[in-house]
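Comments concern the structure below.
The values are calculated or read from the model by the stated rules, or taken from the named source; none is laboratory data. Model, not experiment: these values are computed from the prediction. When we count neighbours, we look across all protein chains shown, and the Cβ atoms used for this are built from the backbone with ideal geometry, even at glycine. Each accessible area value is taken on the protein alone, full model and side chains, heavy atoms only, with ligands, DNA and RNA left out. Shrake-Rupley method; radii C 1.70, N 1.55, O 1.52, S 1.80 Å.
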Number of protein chains: 2
Amino acid sequence: MTKLIILLSGLFISNMLSAQSLKEDFKPAATNQPGQLFPQVNSQGYARFKIHAPKADSVRVSLGLGGGSGTVLQKQNDGFFTGTTEGPMDEGFHYYNITVDGGKFNDPGSMNYYGSVRWESGIEIPAPDEDFYSFKDVPHGQVSQILFPSPSTNTSRRAFVYTPPSYSKDTNKRYPVLYLQHGWGEDETAWSNQGKANLIMDNMIAEGKIKPFIVVMTYGMTNEVKWGRINEFKIEEFETVLIKELIPYVDANFRTLTDKANRAMAGLSMGGMETKMITLRNPKVFAHYALLSGGTYAASDLAHKPDVKLIFLSSGSKENPDKVKQAVDELKKAGVYAVSYVSPNTGHEFQTWRRSLRELAPLLFK
Amino acid sequence: MTKLIILLSGLFISNMLSAQSLKEDFKPAATNQPGQLFPQVNSQGYARFKIHAPKADSVRVSLGLGGGSGTVLQKQNDGFFTGTTEGPMDEGFHYYNITVDGGKFNDPGSMNYYGSVRWESGIEIPAPDEDFYSFKDVPHGQVSQILFPSPSTNTSRRAFVYTPPSYSKDTNKRYPVLYLQHGWGEDETAWSNQGKANLIMDNMIAEGKIKPFIVVMTYGMTNEVKWGRINEFKIEEFETVLIKELIPYVDANFRTLTDKANRAMAGLSMGGMETKMITLRNPKVFAHYALLSGGTYAASDLAHKPDVKLIFLSSGSKENPDKVKQAVDELKKAGVYAVSYVSPNTGHEFQTWRRSLRELAPLLFK
């Protein structure tokens, strides 16, 4: 009973503090469907939800302060449930869903993003550095859906190919290529939808921060294993698709530079695990390797690979940043060109990976 | 009271007939999210739904027999609501949503499609002729997202550009272009997502039924007016975007044939209304005009336009097919090359428009 009282008073104090400091400058989230006023975010990073369910008894939003069970919405007289997160959310993009009388649905106000092996709701919390992934008045490249033949899986498979703005102008120029993988539960749509990889590229090219290159994003077949059994994942099937099918198709259908020095592979989370396995198993294919919240390379991994041009390891500050820093220190000692990056104030989420791409891109294809 | 009894007995007989003839060969719909077992469809076109909402009192699916209020699902002991449509649905694609205790949500089992000015659930009912829009082992073209500058609306705007499989091979060849518009409530994603325009093109090209051409799909700005006030729609803003901004951008960034004889415009429903207005107001831009469930041209409309190469008018059999047939008869009498098409067993839905594209494509750019 004492414990309960402490718990309740703790909640009370927390709510009081939040209420005192909460700024009422809420605006519709950037991730809303056209014309939708909710969900909203304020300048402090709080999110506010409003769900119409007049005959429901309970509505809960999965998004809330770290480790909690989300945000319980309160029923209003007008048939809507409303509520605000108890505190500010981390900067950047978050997946979420809502539970209505025990059933899990998407927020009808938000756009949907493929994560957790389903199309989920997503919400964008403003960040101080959001300019680098904003939709701006600069020349824009294309994101092209290709359906490439995959004899090994007996179907055609989908990939998205970012080509820079200059690609359709000077039709003789050839470009380096970055193969960029999503994480577990996501698919080939993630890097351009929630990752905004195309806008990051457009903006950096417009500012002269990088030389233009092509980015290829395909499904890493990560979801074929359950989350709890990722150690059972076998790389061979995806490796065949990528190395034997996708890369030759891209090289045949886009104006690419096809030598190893002009080919990079990067992946986030489980896509990093894939990147590590595939780059090490295929030393003649890629010269630039990047793991975004996706593990590390040891110096011994690279002992017999003298022509690796770049190792890039990143992490959110709320993950395990020391691990990537230590790994990079060791790689440097072994004479490898290695760079680490830690995204401030973010965890295992897309804001970390957007920033990682921004840091990685200028280092590639030197 | 008598009326009520008659009504109830009518429902009873209808349910009896359905129950007797219902085939238990249900399979997950082609429009389901990866790995989702529900909704399902059977070989007769019935749809079956299963929604998890253990504490809800009522779950209803908007999809049902024409004119009805949808399909009411029954609560089971395991926390799921289940139910089957009272009869077979029309062939092809349908938008739908579910109502959970009074709130409107999407079915977590289905993919989402932009219709009714929101991302809605969609379900595919098998059709006898589905081969022509199936995902097959043929060479596939690309669907490229472009973000083109639009000074008139002070932003960059999105379009999708289908390029045929040969486009990336012979890089000197130039292609005719079809500008293809969605209907009210939809957007530039509709023709490739629910319309499967890219697969229709891939399949027809592979079978040698058409010469390859480019298809451009952009947002027709139709949703800026409410459905009930469509007569207040002003074409000028979209006309400027299309004629002054998108077409020059496409001609500058893709290998197009830029003469009028190699440019067509088509649109479905409200996109047909736009097509009619824009083609007639811009006689030097397009030579091929097509309205899919989107009205008709009168002979007088074309009196001073001798170099119109084709008028194509279509409709579902459950719409107003006589109107397009009569209009085509009149156009023919006036010496215009006009063709009508009526899609069997379909209404104002995408199956009509997929078939219309199949019928239109071989007639273009002759």
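Roughly how many whole Å is it from the C-alpha centroid of region A:271-314 to that of region B:244-285?
48
Output wanted: per-residue J couplings in Hz (rounded whole) for region A:59-64, from phi through Karplus 6.51 cos²θ - 1.76 cosθ + 1.60, θ = phi - 60°, x for Gly and Pro.
9, 10, 9, 5, 7, x
So if I place +1 on the C-beta of Lys and Arg and -1 on the C-beta of Asp and Glu, and nothing else carries charge, what would the dipole magnitude of region B:241-344 be about its Cα centre? I want it in debye, nearest 20.
On the way: 14 positive and 10 negative charges, 27 e Å.
Once rounded to the nearest 20, the dipole reads 140 debye.
Rounded to the nearest 500, what is the 222 nm mean residue ellipticity of chain B from helices alone, with -39500 (n - 2.57) per DSSP H run of 4+ residues and division by all residues?
Details: 8 runs with 81 residues, N = 366.
Rounded to the nearest 500, the figure is -6500 deg cm²/dmol.
List the residues whose amide H sits under 5 Å from the amide H of A:THR31, counting only those 5 or more places along or on another chain, with H placed 1.01 Å from N in the peptide plane.
It is A:GLU124, by chain and number.
Pop the C-beta distance of B:LYS366 and A:GLU232 into the FRET formula with R0 = 56 Å and round what comes out to the nearest 0.05. Please list the in-between numbers first.
Working: r = 57 Å, r/R0 = 1.02.
Approximately 0.45, to the nearest 0.05.
Using amide H atoms built 1.01 Å from N in the peptide plane, name the residues 5+ places from B:ASP57, or on other chains, whose amide H lies under 5 Å from its own.
B:ASP101
Taking amide H positions as placed in the peptide plane 1.01 Å from N, state which residues far from A:GLY115 in sequence (5 or more) or on other chains have amide H under 5 Å from it.
A:GLU120
Please work out the Kirkwood hydrodynamic radius for region B:230-358, using every pair of different C-alpha atoms, and report it in angstroms with one decimal place. Write out the running numbers ahead of the final one.
Working: mean 1/r = 0.0661 Å⁻¹.
Over region B:230-358, the inverse of the mean reciprocal pair distance is 15.1 Å.
Nearest 5 is fine: what % of DSSP beta bridges in the protein assembly as shown come out antiparallel, could you say? Numbers along the way, then the final one.
Values: 89 of 139 bridges.
Antiparallel bridges make up about 65 percent of those DSSP assigns within the protein assembly as shown.
Helix A:350-360 versus the longest principal axis of chain A: what angle, 0 to 90°, nearest 10, using Cα atoms?
30
Which whole number of Å³ per residue matches the convex hull of the alpha-carbon atoms in region B:132-363? Show your work: numbers first, answer last.
Numbers: hull volume 27.4 nm³, N = 232.
In region B:132-363, the Cα convex hull volume per residue is 118 Å³.
On average, how many beta carbons from a partner chain sit within 10 Å of the beta carbon of a residue in B:53-60? Don't jump to the answer; show the numbers that get you there.
Values: counts 8, 3, 8, 9, 4, 3, 2, 0.
Going residue by residue through B:53-60 and averaging, the value is 5.
Please give the net charge around A:ASN42, taking every other residue with its beta carbon less than 10 angstrom from that of A:ASN42, where Lys and Arg add +1 and Asp and Glu add -1.
Once positives and negatives cancel, what remains is +1.
Can you give the alpha-carbon Rg of the protein assembly as shown over 2.2 N^0.38 Å, where N counts its residues?
Rounded to two decimals, the normalised Rg is 1.01.
Nm distances between the label at B:ALA261 and the same-position labels in the remaining copies, 7 Å along Cα→Cβ, shortest first?
Those label-point separations list as 5.0 nm.
What does the charge add up to near B:GLY115, with Lys and Arg as +1, Asp and Glu as -1, over the other residues with Cβ less than 15 Å from its Cβ?
Values: positive: B:LYS104, B:ARG118, B:LYS196, B:ARG354; negative: B:ASP107, B:GLU120, B:GLU124, B:GLU186, B:ASP187, B:GLU188, B:GLU349.
Local charge sum for B:GLY115: -3.
Given 0.36 nm per residue, what is the gain on full extension from A:ALA261 to A:THR155 after removing their alpha carbon distance, in nm? Numbers along the way, then the final one.
On the way: separation 106, 0.36 × 106 = 38.16 nm, distance 3.05 nm.
This chain segment gains 35.1 nm when fully extended.
Compare B:LYS50, A:LYS332 by solvent-accessible area with a 1.4 Å probe and give them largest first, with all protein chains kept in place.
Numbers: B:LYS50 70, A:LYS332 115 Å².
Putting B:LYS50, A:LYS332 in descending order of accessible area: A:LYS332, B:LYS50.
Taking the simple approach of a point 7 Å from Cα along Cα-to-Cβ for both B:LEU65 and B:LYS27, what is their distance in nm?
2.7
Under 19 Å from a point placed 7 Å out from the Cα of A:LYS284 along the Cα-to-Cβ direction: which residues of region A:250-276 have their backbone N that close?
Those under the cut-off are A:250-252, A:257-265.
Taking the Cα centre of the protein assembly as shown as origin, sum charge times position over the Cβ atoms of Lys and Arg (+1) and Asp and Glu (-1), and report the length of that vector in debye to the nearest 20. Don't skip to the answer; put the middle values down first.
Numbers: 80 positive and 76 negative charges, 231 e Å.
Approximately 1120 debye in magnitude.
Give the Debye-formula value of log10 I(q)/I(0) at each listed q (0.11 Å⁻¹), with one equal scatterer per alpha carbon of region A:115-234, two decimals each.
-0.46
Work out, step by step, the length gained on full extension between B:THR82 and B:LYS169: first 0.36 nm times the residue separation, then minus their alpha carbon distance; give nm to one decimal.
Working: separation 87, 0.36 × 87 = 31.32 nm, distance 5.02 nm.
My answer for the length gained is 26.3 nm.
Starting at the first residue of region B:93-101, write each ³J(HN,Hα) from the Karplus equation 6.51 cos²θ - 1.76 cosθ + 1.60 with θ = phi - 60°, in whole Hz, x for Gly and Pro.
Once θ is set to phi - 60°, the couplings for region B:93-101 become 9, 10, 6, 7, 8, 10, 10, 10, 6 Hz.
How much of the DSSP beta bridge set in chain A is antiparallel, as a percent to the nearest 5?
On the way: 43 of 68 bridges.
Given both bridge residues lie in chain A, the antiparallel proportion sits at roughly 65 percent.
Could you go through region B:280-291 in sequence order and give the Karplus-derived ³J(HN,Hα) for each residue, using 6.51 cos²θ - 1.76 cosθ + 1.60 with θ = phi - 60°, rounded to whole Hz, and x for Gly and Pro?
6, 7, 10, x, 8, 9, 10, 10, 10, 10, 9, 10
When only DSSP loop residues count, what trypsin sites (Lys or Arg not before Pro) in region B:73-121 have their Cβ near at most 12 other Cβ atoms within 10 Å?
Values: sites: B:LYS75, B:LYS104, B:ARG118; in loops: none.
Here no loop site has a sparse enough neighbourhood.
State to the nearest 20 debye the size of the charge dipole of region A:132-363 about its Cα centre, where the only charges are +1 on K and R beta carbons and -1 on D and E beta carbons.
Values: 29 positive and 24 negative charges, 96 e Å.
Dipole magnitude for region A:132-363 comes out near 460 debye.
In nm, what does the list of distances from A:ASN154 to its counterparts in the other copies look like, shortest first, when each label sits 7 Å along Cα to Cβ?
Relative to the other copies, A:ASN154 has label-point distances of 5.7 nm.
Could you tell me which of the pairs B:LYS173/B:LYS244; B:LYS27/B:LYS104; A:LYS244/A:LYS276; A:LYS173/B:LYS173; A:LYS276/A:LYS305; A:LYS211/A:LYS305 are separated by over 21 angstrom between their Cα atoms in the structure shown? Don't jump to the answer; show the numbers that get you there.
Details: B:LYS173/B:LYS244 25 Å; B:LYS27/B:LYS104 25 Å; A:LYS244/A:LYS276 18 Å; A:LYS173/B:LYS173 18 Å; A:LYS276/A:LYS305 13 Å; A:LYS211/A:LYS305 26 Å.
Violating the 21 Å Cα-Cα cut-off are B:LYS173/B:LYS244; B:LYS27/B:LYS104; A:LYS211/A:LYS305.
Of the listed pairs B:LYS260/B:LYS333; B:LYS136/B:LYS226; B:LYS50/B:LYS196, which have alpha-carbon separations greater than 32 Å here?
Numbers: B:LYS260/B:LYS333 24 Å; B:LYS136/B:LYS226 39 Å; B:LYS50/B:LYS196 26 Å.
Distance filter (> 32 Å) returns B:LYS136/B:LYS226.
I need the calculated FRET efficiency for the pair A:HIS348 and B:LYS211, taking r as the beta carbon distance and R₀ as 35 Å, to the nearest 0.05. Don't skip to the answer; put the middle values down first.
Working: r = 50 Å, r/R0 = 1.43.
Efficiency, from the Cβ-Cβ distance: 0.10.
Take the Cα pairs of region A:23-125, get the Kirkwood Rh, then feed it into Stokes-Einstein at 10 °C and 1.306 mPa s and tell me D in µm²/s. It would help to have the intermediate numbers written out before the result.
On the way: Rh = 13.5 Å.
Taking Rh from Cα pairs, D becomes 118 µm²/s.
Compute the signed sum of charges (Lys and Arg +1, Asp and Glu -1) over the other residues within less than 14 Å, Cβ to Cβ, of A:TRP227.
0
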